[in-house]
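Heads up: the structure comes next, in structure tokens.
What follows is calculated from the coordinates using simple rules that are stated; it is not laboratory data. Note that the structure is a prediction, hence the values are computed from the model and not measured. Every residue, glycine among them, receives a Cβ derived from its backbone with ideal geometry; neighbour counts consider all protein chains shown.
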Amino acid sequence: MQQSNANLTSKDLTVLQEQMDAEFRANRKASAYAQTISDPALKGLASTLAQHHRTRFDALYSFLGGKQ
């Protein structure tokens, strides 16, 4: 069941924007860590974490009507 985006308040949009900003920053940080870490297990963990943040950002973007 998908909620209509037309019923979002300005407060809802502010919260969504803040969450998107947080996911974007977390993705960027985890990606940077993955590039600098030499331990393969930690590098993989950081890469996975970056991808999870990217997936959540994309889901929020899509929810708001953005194209992928």
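Miscellaneous remarks
- Segments 14-26, 30-42 sorted - mean Cβ within 10 Å per residue, highest first: 14-26, 30-42
- With respect to the chain, whose longest principal axis is taken over its alpha-carbon atoms, helix 10-36 is tilted by about 10°.
- Treating r as the C-beta distance of ASP39 and PHE63 and R0 as 25 Å, the FRET efficiency rounds to 0.10.
- As a length-normalised measure over Cα pairs under 8 Å and 6 or more apart, the relative contact order of the chain settles at 34 percent.
- Cβ-Cβ FRET estimate between LEU8 and LYS29, R0 fixed at 25 Å, reported to 0.05: 0.35
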